[in-house]
Amino acid sequence: MKGLHQQSSLLSALAKHNIVTREMVDTISADFIRQKKPFVRYLVEDKNINAEQIASTLSRSFGCPLIDLNSFDTSLVPEGIRNEKLVRKHSALPLFLRGKVLFVAMSDPTNHDALEEIQFNTGFSTELVLANETSLMACIDKVLEADSDALDITDMDAEELAGIDVQDDHQEDDSIAGGDKEDAPIVVYINKILLDAIRKGASDLHFEPYEKSYRIRFRVDGILTEVAKPPVSLSSRMAARLKVMSKLDIAERRVPQDGRIKLALSKKKSIDFRVSTLPTMWGEKVVMRILDSSSAMLGIEMLGYAPEQKKIYMDALAQPQGMILVTGPTGSGKTVSLYTGLNILNTEERNISTAEDPVEINLEGVNQVQINTRAGLTFPGALRSFLRQDPDIVMVGEIRDLETAEIAIKAAQTGHLVLSTLHTNSAAETLTRLLNMGVPSYNVASSISVIIAQRLARRLCIQCKTEEHIPESELLTQGFLPEQISTIKLYKPVGCDLCTGGYKGRVGIYEVIKISDVTANLIMSGANSLDIAAQCQREGYKNLRQSGLEKAALGVTSLEEINRVTNN
């Protein structure tokens, strides 16, 4: 009741200053009860209300001083009282001490519990300073990242950059600073590139040789951007350096190779890279994927599922048997969706085994098997072994052939929950793909519970996005329904210091289909993907395009971005 009263007083203040309308108050109150996030953050992220307007309005209404955290020196934050658990729990950041008074930045002036708990834990009297929610979260991340003992490359000299460690899973830590003095600049340069990629939040790095040039590109939020053009004469030395770090054969340049790097940033933090080399006309191209284990711990609420889609997925995970398939192109977030599901299922009572190529994220409590075809360990071989080891849940990294599909389906039909991926464009095409592989239609119809097709779209920066006015005729052409036209509000990217080209981060767009009896009968009768897709529409399931338009209508992303990642 106390929380509801605080929420009501905040809404009343915002409604009084026309930040929210009186009509919105009741719907916001009802919707917020289902959320698991602080109320001001909910208003900013879910209702797209400008964070600066909220902060300035609440400052006037509650008589609280307002601080601009964008220009605040985070070195002033007292080190001894940075309690990450408290800071994250209340979205409250201790800023500085003045005598015996600790000034605390928050976006919610009614959250007195936070001030009392911080006062109890620190022993200092607390004083509230109001902050913009967006800037507050960025400042909290900055302070806590500094506390995690991660490296700051901006102040590092060449000797420090060369001394960063690469860890080998089978050997003691091996400093990558070693080598000929002639190679020392290459060591420093590559270490700086890797750390730059981590700092910018890149998912992939591309080192690409050409006849007269050499370029390095980062993929950030799904988009490749050139970041450097070192001399082409360094091409072979840079490829050799990356191969040494990945424990690959530097003498072999004629065939592709795959490796892995664990880069030790500090005693507490390390980052994994998956490395792939490819011989091209002008040298070896090297692509590195940054593997972030924290993405598996995000929680399903953070992935962008609509409430009804989330319920279908959670219900399927709760079943003792059946198959859940996640589909989409490379880089569409399939692995994160699967690992999020595994993380939910990962309890002491369950035996979970996975067969992956490669193992991207390590999960404590899950038996993960790295496929090695050269040594004779294949997906079918691993699956057969799993079934002899009393499994409850089995994950297959990818169904690539008929043999793997048949064993996975057999497991799903005999009391096991099976999760896997396929490279298809939609849920309906996944079913026909399995049929084309040679899987009997009655096995497909009886074993598959849920299919999730997905894409990743860039999120609009909530700090700088601006409203976009599009003619009604164009909105109808894009796929919006006539009854939506009068209520939707679309936004477009602008760009600011806190984002890249008006976007920051990504959100999932999903098509989540539960196989009904009618759909199962269609599969049995040999229906094509168009017939199955039409039946899913009749049952009320949103396809990828419709889910994307819904995200645009909520202001999460732009119509331009939805057109980029889905079929218009």
- Item | At R0 = 35 Å, FRET efficiency that the Cβ-Cβ distance of Leu476 and Leu66 yields, to 0.05 | 0.25
- Message: At 1.4 Å probe size, with the rest of the protein present, what percent of the exposed accessible area of segment 317-421 is carbon and sulfur atoms?
- Response: 44
- For the chain, just say rounded, prolate or oblate: build the C-alpha gyration tensor, square-root its eigenvalues into a ≥ b ≥ c, call rounded for a/c under 1.5, and beyond that prolate if a/b exceeds b/c, oblate if not. oblate
- Task: State the cysteines of the chain left without a partner when partners are defined as other cysteines whose beta carbon lies under 4.7 Å away.
- Result: Cys64, Cys139, Cys536
- Between Rg and the Kirkwood Rh of segment 223-277, both from Cα atoms, what is the Rg to Rh ratio? 1.03
- For segment 394-526, convex hull of alpha carbons as volume per residue, Å³: 168
- Query: Per residue, how much accessible area does segment 233-286 have with a 1.4 Å probe, in Å²?
  - Reply: 54
- Task: Using only Cα positions of segment 319-391, each an equal point scatterer, no hydration layer, compute I(q)/I(0) via Debye at q = 0.18, 0.22, 0.26, 0.27 Å⁻¹ and quote the log10 values to two decimals.
- Result: -0.83, -1.22, -1.47, -1.48
- Restricted to the chain, the DSSP antiparallel beta bridge percent, nearest 5, is 65
- Mind checking which of Ile371, Thr134, Ile19 is farthest towards the positive end of the chain's charge dipole, using Cβ charges of +1 (Lys, Arg) and -1 (Asp, Glu) about the Cα centre? Ile19
- Heavy-atom accessible surface of segment 436-481: percent carbon and sulfur, 1.4 Å: 47
- So Ser236 and Ser486, fully extended at 0.36 nm per residue minus their Cα-Cα distance, gain in nm 84.1 nm
- Using the Kirkwood formula over every pair of different C-alpha atoms, what hydrodynamic radius in Å results for segment 304-460? 15.7
- Query: Roughly how many percent of the accessible protein surface of segment 65-148 is carbon and sulfur, given a 1.4 Å probe and a whole-percent answer?
  - Reply: 50
- Task: In debye, nearest 20, what is the charge dipole magnitude of the chain about its Cα centre with +1 on Lys and Arg Cβ and -1 on Asp and Glu Cβ, if you could check?
- Result: 720
- Query: Taking only protein heavy atoms and a 1.4 Å probe, what accessible area per residue, in Å², does segment 294-411 have with all protein chains in place?
  - Reply: 46
- Starting from the Cα of Lys410, step 7 Å toward the Cβ, then list every residue of segment 432-473 with an amide N under 20 Å from that point. 434-449
- Item | Signed unit charges on C-beta, dipole axis of the chain, positive-most listed residue Ala520, Leu248, Cys464 | Ala520
- Query: Can you work out the FRET efficiency for the pair Glu468 and Asp46, with r the C-beta to C-beta distance and R0 = 25 Å, to the nearest 0.05?
  - Reply: 0.80
- Search the structure for amide H atoms under 5 Å from the amide H of Asn351, placed 1.01 Å from N in the peptide plane, and list their residues when 5 or more places away or on another chain. Asp392, Ile393
- Task: Please give the per residue accessible area of segment 428-525, computed with a probe of 1.4 Å over protein heavy atoms only, in Å².
- Result: 48
- Query: Quick one: which of 444-457, 492-505 comes out on top by average Cβ neighbours within 10 Å, and what's the full order, highest first?
  - Reply: 444-457, 492-505
- Segment Ala15-Arg199, extension gain: residue separation times 0.36 nm, minus the distance between their alpha carbons: 62.3 nm
- Want the number for Ala184 to Ile300: 0.36 nm per residue separation, take away the alpha-carbon distance, what's left? 37.3 nm
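The values are calculated or read from the model by the stated rules, or taken from the named source; none is laboratory data. Everything numeric here is computed off the predicted structure, so don't read it as measured data. FYI the Cβ positions are ideal-geometry reconstructions off the backbone, even for glycines, and counts take in every protein chain you see. Just so you know, the surface numbers come from the protein's heavy atoms only, side chains and all, with ligands and any DNA or RNA stripped out. Shrake-Rupley method; radii C 1.70, N 1.55, O 1.52, S 1.80 Å.
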